[in-house]
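Okay, structure first, notes after.
The values are calculated or read from the model by the stated rules, or taken from the named source; none is laboratory data. All values derive from a computational prediction rather than experimental measurement. Cβ placement follows ideal geometry from the backbone for every residue including glycine, while neighbour counts extend to all protein chains displayed. Only protein heavy atoms, including side chains, enter the accessible area calculation; ligands, DNA and RNA are left aside. Shrake-Rupley method; radii C 1.70, N 1.55, O 1.52, S 1.80 Å.
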Amino acid sequence: MTSKKWITISSDDKNTFSGYLALPPAGTGPGLVLIQEIWGVNDHIRAVAEQYALDGFVVLAPDVFWRQQTRTNLGYTEAGTAEAFELMKGTDFSQAAEDVVTAIEHLRGLSQVSGKVGVLGFCMGGQLAYRAAASGMPDAAVSYYGGGIQNHLDVAGQISQPILFHYAGLDGLIPASAVDQVRKAFDGQKHASIHNYEGVDHGFNCWGRPAYNQRAAALARGRTLVFLAQHLAG
């Protein structure tokens with residue numbers, strides 16, 4: 001069984017925000033900051049945090065929307081999705097990326113973290129994981145269908161640590177041209193890996209959404225676990 005609870009993180013501007021901490025059964029392990037989709041640190045994201053904790057990681061899912069409302073927990077209904085998009089529109093992504101870096105620093109300082117610290121994000125969180133990687137703070141980064149990364153390729157050269165990208169072949173929010181831009185930005189860079197999952201749509205990892213695809217989710221998760229084991233363990 002995992003141990004889980006909400007903890008308090010101090011921000012750079014002397015405020016505080018929450019993060020959902022899930023500890024592995026062994027009590028210690030490498031660190032992993034898990035970044036939410038636009039529905040907040042909801043039931044699904046907390047379950048994913050616990051899933052990675054069962055794999056031996058000390059997982060921290062920061063509340064990205066805390067400057068607008070705290071501990072957002074939205075469902076995948078029409079109303080929940082509408083509210084989620086409004087929260088995303090009200091988000092300062094540069095500030096949110098700084099908060100993610102703060103969460104990485106906080107996690108690295110916990111006594112339960114015995115190895116390196118990575119960052120993994122979905123959707124909006126995928127972009128924030130990429131931007132956090134550009135800060136140099138995480139030891140490795142994973143981005144699941146990170147929207148808008150193609151608009152921030154000016155910082156791609158700042159990423160020297162291992163980074164893994166997962167994209168959906170039928171993504172209605174991230175066109176193939178955007179994926180091609182990301183691929184070209186990292187062309188020939190051995191520290192970057194990009195996987196495209198044909199025949200699936202944006203959000204294929206989330207079992208609470210219609211786009212969920214078990215095969216693609218399992219394959220991407222397997223690749224992610226191998227990647228994290230290679231770059232965070234020890």
Next item on the list: Exactly one condition in (1) part of a helix (DSSP H, G or I); (2) open to solvent by 10 Å² or more (accessible area, probe 1.4 Å) is not met by residue 13; state its number.
Entry: (1)
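Conditions (1) in contact (Cβ under 8 Å) with a residue 60 or more places away in the chain; (2) open to solvent by 60 Å² or more (accessible area, probe 1.4 Å), marked per residue:
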{"site": "206", "(1), (2)": "yes, no"}
{"site": "212", "(1), (2)": "no, yes"}
{"site": "219", "(1), (2)": "no, yes"}
{"site": "222", "(1), (2)": "no, no"}
{"site": "227", "(1), (2)": "yes, no"}
Checklist line | Selection from the stretch 148-194 of residues that are in contact with a strand residue (DSSP E or B) (Cβ under 6 Å, 6 or more places away or on another chain) and among the hydroxyl-bearing types (Ser, Thr, Tyr) | finding: 167, 193
Notebook entry, point to check: In the list 197, 144, which residue meets the criterion of being in contact (Cβ under 8 Å) with a residue 60 or more places away in the chain and touching a strand residue (DSSP E or B) at 6+ places or on another chain (Cβ under 6 Å)?
Noted result: 144
Next item on the list: Please work out which one of (1) among the hydrophobic types (A, V, I, L, M, F, W, C); (2) surrounded by fewer than 22 Cβ atoms within 10 Å (Cβ to Cβ); (3) farther than 23 Å from residue 90 by Cβ is the condition residue 59 fails and give its number.
Entry: (2)
Notebook entry, point to check: Taking residue 120 and the conditions (1) part of a helix (DSSP H, G or I); (2) under 15 Å from the mean Cα position of the chain (by Cα); (3) of a type in the set (A, V, I, L, M), which numbered condition does it fall short on, given that it satisfies the others?
Noted result: (1)
Item checked: Filter result for residue 141 (surrounded by 23 or more Cβ atoms within 10 Å (Cβ to Cβ), closer than 24 Å to residue 49 by Cβ and touching a Pro at 6+ places or on another chain (Cβ under 7 Å)) -> no
Checklist line | The one condition in (1) under 17 Å from the mean Cα position of the chain (by Cα); (2) assigned to a helix (DSSP H, G or I) that residue 151 fails to fulfil | finding: (1)
Item checked: Selection status of residue 167, open to solvent by less than 20 Å² (accessible area, probe 1.4 Å), part of a helix (DSSP H, G or I), under 27 Å from residue 201 (Cβ atoms) and among the aromatic types (Phe, Trp, Tyr) -> no
Next item on the list: Note down all Cβ pairs under 6 Å where the first residue falls in the stretch 178-194 and is open to solvent by 90 Å² or more (accessible area, probe 1.4 Å), the second is of a type outside the set (Asp, Glu) and not in a helix (DSSP H, G or I), and they're at least six residues apart or on different chains.
Entry: 183/194
Checklist line | Matching option when the condition is part of a loop (DSSP other than H, G, I, E, B) and at pLDDT below 95, among 115, 188, 146 | finding: 188
Next item on the list: Report, by residue number, each residue of the stretch 20-45 that is surrounded by fewer than 20 Cβ atoms within 10 Å (Cβ to Cβ) and either among the hydroxyl-bearing types (Ser, Thr, Tyr) or under 14 Å from the mean Cα position of the chain (by Cα) (or both).
Entry: 28
